[in-house]
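Asks: I have a structure here, written as structure tokens, and I will follow up with some questions on it.
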Amino acid sequence: MTRWHGAGARRFAPVLGVVILGTALASAAPAAAQDVRGAAKSADALRLASGSIQALVERVSKSVVQVVVSGYQPLDPNGRTEVALGRGRVIGSGVVVEESGYVMTNAHVVAGAERIQVILDNAPVQTLGRQTTRQVDARLVGISDELDLALLKIDAPDVPVLTLADYDRLKQGELVFAFGSPDGLRNSVTMGMVSSVARQVDEDSPLVYVQTDAPINPGNSGGPLVNAAGEVVGINTFIQSASGGSEGLGFALPSALIALAYPQLRDFGHLHRGLIGLTVQTVTPLLASGLHLPADAALIAANVAHGSPADTAGITPGDIIVAVDGEPVASLTMAQLYLRLYALRSGQTVRIDLARGDARKAVIATAVEIPHVCDRQTLIDVRNALIEPLGVFASAPPPDQDDPSSGDGPPEDAVLVTARVETGHPGAPPLQRGDLIRAINGARVSTPAALREAVERVPARGAVVLQVEREGRLEYMAFERE
């Protein structure tokens, strides 16, 4: 047996070490090369993704506008108009949806507007010494407070248009981009994903929204939420936030509802739609337990308006809605349900399958047209509505404003206070929204114009005595004309 020891062993050890080291270096070299090639590929992929996003932003930005609204706005930070209105300016966003210059935005952006202006971007990158924006006046064409949508018209037919995405193809986790003017910072974009395709924020409202974690702040309202193809998946509408800033809970009205509303706002000025008089709610575990509903119950009839098509068809509160137009409600999203039940045209029919205890029933309801006071919404006419010495906006009261218990004349013999206004007159009377002004200095008034003229006839430091009805009770309010 051969043994290695002494000097011979010492001579062998370096040789063996060289062999091992050489082998290690030989194997490490390809690994290092692979790491370098992998890092290069990753960098190339990032550059490619970054370039794609830059190209998307540059293309989409040209169709996004800033909306500047001048007029009377709520002074309360929560937007409550019963507190007071004051002159101010609101900045929101919008998106061009038709080549002839139609811009979609939110209704709350243009609320109380006397003048609406739209700022267009000719280039997404601002450069010193070169004007890249245009500012044009906009006309309010149509509005829907229910959907919080408004349609504007501008004289700028050359602005590129963004197309609406197919809402049925929107997926949770999909990459999206929010465009607009957060906090007035025009031409801003943020990136995130779709947190929920159809989020029902209020259980009492059937409306659903696209929820996103893309940062959205005040000023983004009315701007588009777009997908990676540059298509509009929704209109940024509101955020849920304790701080007032983005907390990753942004909500956009889905493209399906925009597609429904846009042509009607353009053609009629409102949602020219029908209704069947049915309000539904989703069945929660607590609701099912308390009402002893079957385990598969998903939707319940919460309210049926008396004399409505739903009432005539035989639907009653408490009925379980099983299917709509033959489609089981369990397979419908809230957005699809909204479109089937609340986006009907007058004369359209809808089949509703019901479960009432152990009985099953199918009914047909025919939608009727929702009445409208007027076909077109207009900007506030301050000259006719504002009565500055009294610090109020006023109008003729609707027919149902009359309180029979007062026994003091029909509602036409009064002027309705629609909002308080901060006018800078400290001596103005403490009128409130909803007050009925019956008379001034003993003389009846029936129109805002007559009330305004009567106040203006009172000389400086003269007495003004208003007879006011508030919650069915009459009282006098006296002040000195400044």
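The values are calculated or read from the model by the stated rules, or taken from the named source; none is laboratory data. Everything numeric in this text was worked out from a predicted model, so none of it was measured. Note that we place each Cβ from the backbone using ideal geometry, even for glycine, and neighbour counts take in every protein chain shown.
Asks: Could you figure out which of (1) modelled with pLDDT under 90; (2) within 27 Å of LEU337 (Cβ to Cβ) isn't true of THR163?
Replies: (1)
Asks: If a residue has to be closer than 14 Å to GLU388 by Cβ and surrounded by 17 or more Cβ atoms within 10 Å (Cβ to Cβ) to count, how many in region 455-478 make the cut?
Replies: Just the residues of region 455-478 that are closer than 14 Å to GLU388 by Cβ, to begin with: 455-456, 458, 464.
From what is left, the residues that are surrounded by 17 or more Cβ atoms within 10 Å (Cβ to Cβ) are 455, 464.
Adding up the residues that qualify gives 2.
Asks: Also, quick follow-up: Please work out if LEU253 is in contact (Cβ under 8 Å) with a residue 60 or more places away in the chain, touching a Ser or Thr at 6+ places or on another chain (Cβ under 9 Å), buried (at least 20 other Cβ atoms within 10 Å of the Cβ) and over 27 Å from ASP213 (Cα atoms). Please lay out each step first, then the result.
Replies: Numbers: in contact (Cβ under 8 Å) with a residue 60 or more places away in the chain: yes; touching a Ser or Thr at 6+ places or on another chain (Cβ under 9 Å): yes; buried (at least 20 other Cβ atoms within 10 Å of the Cβ): yes; over 27 Å from ASP213 (Cα atoms): no.
No.
Asks: Something else now. When SER241 is evaluated against the numbered criteria (1) of a type outside the set (Phe, Trp, Tyr); (2) surrounded by fewer than 20 Cβ atoms within 10 Å (Cβ to Cβ); (3) under 24 Å from ALA310 (Cβ atoms), which criterion, by number, is the only one it fails?
Replies: Condition not satisfied by SER241: (3).
Asks: List pairs: first in region 432-458 and under 13 Å from MET477 (Cβ atoms), second charged (D, E, K, R) and modelled with pLDDT of 90 or more, Cβ under 9 Å, 6+ apart or cross-chain?
Replies: Every condition considered, the pairs that remain are ASP435/GLU469; LEU436/GLU469; ILE437/GLU469; ARG438/ARG444; ARG438/GLU469.
Asks: What is the number of the single condition among (1) outside the structural domain of HIS108 (by TED's automatic domain parsing); (2) within 29 Å of VAL141 (Cα to Cα); (3) not charged (D, E, K, R) that GLN281 does not meet?
Replies: For GLN281, the exception is condition (2).
Asks: Here is a follow-up. Given the condition in contact (Cβ under 8 Å) with a residue 12 or more places away in the chain and within 18 Å of ILE116 (Cα to Cα), answer yes or no: does some residue in region 194-214 qualify?
Replies: Pass one, region 194-214, residues in contact (Cβ under 8 Å) with a residue 12 or more places away in the chain: 194-201, 203-204, 206-214.
Cutting the leftovers down to within 18 Å of ILE116 (Cα to Cα) gives us none.
No, there is no match, as no residue in region 194-214 is in contact (Cβ under 8 Å) with a residue 12 or more places away in the chain and within 18 Å of ILE116 (Cα to Cα).
Asks: Out of PRO448, PRO398, PRO429, PRO459, I need the residue that is at pLDDT 80 or above and under 30 Å from ARG139 (Cβ atoms). Which one?
Replies: Matching residue, one of PRO448, PRO398, PRO429, PRO459: PRO448.
Asks: How many residues does region 252-281 hold that are farther than 14 Å from GLN336 by Cα and among the hydroxyl-bearing types (Ser, Thr, Tyr)?
Replies: Within region 252-281, the first condition is being farther than 14 Å from GLN336 by Cα, and the residues that meet it are 252, 261-279, 281.
Imposing the further condition that a residue be among the hydroxyl-bearing types (Ser, Thr, Tyr) reduces the set to 262, 279.
Looking only at that region, the number is 2.
Asks: Looking for something of a type outside the set (S, T, N, Q), at pLDDT 85 or above and outside the structural domain of PRO328 (by TED's automatic domain parsing) - is there at least one such residue anywhere in region 405-415? Can you show your working first?
Replies: We begin by selecting, within region 405-415, every residue of a type outside the set (S, T, N, Q); these are 407-415.
Applying the additional criterion that residues be at pLDDT 85 or above yields 414-415.
With outside the structural domain of PRO328 (by TED's automatic domain parsing) added as a condition, the list becomes 414-415.
Yes, region 405-415 contains at least one residue that is of a type outside the set (S, T, N, Q), at pLDDT 85 or above and outside the structural domain of PRO328 (by TED's automatic domain parsing).
A quick yes/no check of all residues on (1) without any contact (Cβ under 8 Å) to a residue 60 or more places away in the chain; (2) exposed (fewer than 14 other Cβ atoms within 10 Å of the Cβ):
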residue: THR312; (1), (2): yes, no
residue: GLY326; (1), (2): yes, yes
residue: ALA330; (1), (2): yes, yes
residue: TYR342; (1), (2): no, no
residue: GLY347; (1), (2): no, yes
residue: ALA359; (1), (2): yes, yes
residue: GLU369; (1), (2): no, yes
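Asks: Given the options THR212, THR190, name the one that is in contact with a Gly (Cβ under 8 Å, 6 or more places away or on another chain) and modelled with pLDDT of 90 or more.
Replies: THR212
Asks: Right, next: Does region 429-445 hold any residues that are under 13 Å from VAL415 (Cα atoms), of a type outside the set (A, V, I, L, M, F, W, C) and surrounded by fewer than 19 Cβ atoms within 10 Å (Cβ to Cβ), and which are they?
Replies: GLN432, ARG433, GLY434, ARG444
Asks: In addition: Out of all the residues in region 286-295, is one or more under 22 Å from ASP202 (Cα atoms) and crowded, with 19+ Cβ neighbours inside 10 Å?
Replies: no
Asks: Of the residues ARG134, ARG199, ARG139, only one is modelled with pLDDT under 95 and either touching a Lys or Arg at 6+ places or on another chain (Cβ under 9 Å) or exposed (fewer than 13 other Cβ atoms within 10 Å of the Cβ) (or both); which?
Replies: Among ARG134, ARG199, ARG139, only ARG139 is modelled with pLDDT under 95 and either touching a Lys or Arg at 6+ places or on another chain (Cβ under 9 Å) or exposed (fewer than 13 other Cβ atoms within 10 Å of the Cβ) (or both).
Asks: Now, a different point. Of the residues that make up region 68-90, is at least one within 17 Å of the chain's Cα centre (by Cα), at pLDDT 80 or above, surrounded by fewer than 21 Cβ atoms within 10 Å (Cβ to Cβ) and assigned to a loop (DSSP other than H, G, I, E, B)?
Replies: Within region 68-90, none of the residues are within 17 Å of the chain's Cα centre (by Cα), at pLDDT 80 or above, surrounded by fewer than 21 Cβ atoms within 10 Å (Cβ to Cβ) and assigned to a loop (DSSP other than H, G, I, E, B).
Asks: So LEU278 passes all but one of these: (1) under 25 Å from LEU164 (Cα atoms); (2) touching a residue at least 60 places away in the same chain (Cβ under 8 Å). Which condition number does it fail?
Replies: It fails just one condition, (1).
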